[in-house]
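The values are calculated or read from the model by the stated rules, or taken from the named source; none is laboratory data. As the structure is a computational prediction, the values presented were derived from the model and not from experiment. Cβ sites come from the backbone with ideal geometry, for glycine too, and all protein chains shown count toward neighbours. Surface areas here come from the heavy atoms of the whole protein model, side chains and all, with no ligands, DNA or RNA. Shrake-Rupley method; radii C 1.70, N 1.55, O 1.52, S 1.80 Å.
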Amino acid sequence: MNLLTRKRVRLTRSVLEDFHQNAAKDGLSALSRKTGLAYGLLYNVSHARVKSLSISDYRKIFNKDPAVIKLPDRIDGLYFRDMVRLWLYLNDGQSENVLYHEFFQGKKSFKKTDYRIFSGEIDSIESWLEDRMEQKFIDHGLKPPMIQNWIQEFNTQNHGKRVPFREIKPVLQFIQDSVGIHPTRLLKQSVRRYETGNLHSVSGEVFERAIQVKKEIEQHLDSNQKIHKEKLLDRIYGNRSGFIPFYEIEEKLEFLRTYGGQYPKKYLGRGIRYYQKKKIKRIASWREAGIDRDCREIIQKKPDLRLSSLPEMFMNQEIGRLVSVLKKISIQQICRNNDSGFEADILRQVALGRKPYPDPDQILIRFDDAARYLKMKRKAFDYLVASHSSLFKKIAVRKENGWYIPDTSLAMLKKIAGFSLIKGKYDFLASREKESRASCYGAMSREIGSSRSL
C-alpha cells in the first residue's frame with residue numbers, strides 16, 4: 001500500500017510490482033501512447049530511478065486513485081518531554097538514547113535515535129509514546145496526578161529554568177584551572193558566544209552538571225587523591241559505543257607482562273606508546289575479552305599470587321568471593337543461634353524512623369510486593385513478618401483493600417547494616433523448607449512405587 005501525501009505518491013515495492021505486472025505488461029511504449037506520459041518518465045519508474053509520482057500521473061498509469069494510509073494519532077509532546085526529563089533526573093543510569101531504543105526497537109521506523117522528539121523540534125508525538133512513558137512511572141507506584149505534581153515541582157527548581165552565565169562562569173573557571181576541562185565541553189557550545197554577549201544564560205541541567213563536576217574535583221583535592229581526567233570526562237559524556245577507554249585495561253596489560261610474559265602489542269595490535277602518549281585513547285571492546293581471558297588463566301595457574309598484585313577488577317572479584325563465604329558462615333551462625341533479639345533491634349530502627357501517615361510524598365507498597373522490593377523470596381518475607389509481627393504492625397498501614405508498607409520504611413530497612421544477614425537467614429530457611437518438601441515427595445514416590453511392584 002502506498003502513502004498519499006499532499007502532492008506526491010511514494011513508489012513502494014508493492015507499487016512497482018503492480019506497475020510491472022499490470023500497468024506496463026504490454027510494454028513501456030504502449031503505456032506511453034495510452035497515458036500520454038513521456039517514455040523517459042516511465043522508463044525511470046520501471047528501473048526505480050524515481051521515488052515518487054504526482055497524483056495525476058499515478059492516476060494515468062494505474063487508472064485508479066492512490067490508497068491512503070491513515071497516519072497514527074498525534075498529540076502535543078509537552079507532557080511526554082516533561083516526563084522524560086523527570087525520569088532521566090531520577091534514573092542516573094539512563095539516557096534519551098536508552099529510552100528511544102526501548103520504545104522503537106523492532107519497529108519498522110527504527111533506524112537511529114531521533115532526538116527531536118525529546119528536544120521539542122518535533123512538537124507533536126504519537127499518542128502511544130506518552131502512554132508508554134506514563135506507564136513507566138505507574139509501574140513504580142506513581143499515579144498520573146502525582147506524576148504531574150512531581151513534574152511541576154521539578155520544573156520550579158533549576159531543572160526547568162535558566163541560570164545567568166555570570167553564576168556559572170567561576171565554576172567553569174575552577175574546573176578549567178583544576179583539571180584542564182575547557183568550558184566549551186560543559187556548555188556544549190562555544191564559550192565565546194557567552195563572553196561576547198550573544199548568549200546570556202545556561203539551562204538548569206548544564207548548571208547542575210557543572211556544580212557536580214566541581215564537587216567531585218573538590219572531593220579529590222580534599223582527600224589528596226590524583227584526579228583522573230579521562231575518567232572524569234567519560235562520566236560526563238559517556239563512552240563511545242563498541243570501545244572502552246585505554247585506562248581501564250592498562251593495569252591488566254601490566255599484569256600480563258609481569259606475571260605472564262605477554263607484551264601489550266599482542267593485544268593492542270600496535271605499540272603501547274601510542275596510548276601512553278594519548279594519541280589513541282580507546283580500544284575495541286573485543287580486544288578486552290582476550291585480555292580478561294588471559295588474566296584469568298594466569299590467576300588460575302598461580303593460586304599463590306597475592307591479592308594486591310591482581311588488577312583491580314579481579315582483586316574485587318576474589319574479595320567478593322571471600323566476603324560471600326564469610327556471609328554464608330554468618331548466616332548459618334545466625335540460624336543456629338536463632339537470636340530474635342538481634343533481628344528485633346534492626347526492625348525497631350525502622351519503626352522508630354517511620355514518618356506519620358498520611359504523607360503526600362510517601363508511596364505505599366502492597367505487602368505482596370514488599371518481598372520483590374527487598375529482593376527476598378516471597379516465602380522468606382512471610383517468615384520474617386510472622387517472626388516479628390508486632391513490629392511490622394507498627395510499620396504497616398491498613399487500607400480498605402489490604403495492608404501496605406511505606407516505601408521509605410522499606411528503603412530504610414535495606415540500608416540498615418545487618419539486614420542483609422537477616423534476609424539471607426530467611427531466604428535460607430525458605431529454600432531449606434522447599435528442599436525438605438521435595439525430598440519428602442521423592443521418598444513418598446519411591447514408597448508408592450515399591451508398593452506397586454509388590
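Taking every alpha-carbon pair in region 373-418 and binning the separations at 10 Å intervals from zero gives 23, 61, 16, 1 percent. Backbone geometry of region 418-424 corresponds, through the Karplus equation with coefficients 6.51, -1.76 and 1.60 at θ = phi - 60°, to 3J(HN,Hα) couplings of x, 5, 4, 5, 5, 4, x Hz, x marking Gly and Pro. Less than 5 angstrom separates the built amide H of Val202 from those of Val163, Phe165, all sequence-distant by 5 or more or on a different chain. At a probe radius of 1.4 angstrom, the accessible area of region 14-82 per residue rounds to 63 square angstrom. Glu153 contributes about 100 Å² of solvent-accessible surface, heavy atoms of the protein only, 1.4 Å probe. All Cα-Cα separations within region 114-226 were binned at 10 Å from zero, giving a P(r) of 12, 30, 28, 22, 8, 0, each value a whole percent of the pairs. Along region 252-269 the Karplus relation, 6.51 cos²θ - 1.76 cosθ + 1.60 evaluated at θ = phi - 60°, assigns HN-Hα couplings of 5, 5, 5, 5, 5, 5, 6, 9, x, x, 9, 8, x, 4, 4, 9, 8, x Hz to successive residues, with x for each Gly and Pro. The modelled label-to-label distance between Gln300 and Ala386, using points 7 Å beyond Cα along the C-beta direction, is 4.4 nm.
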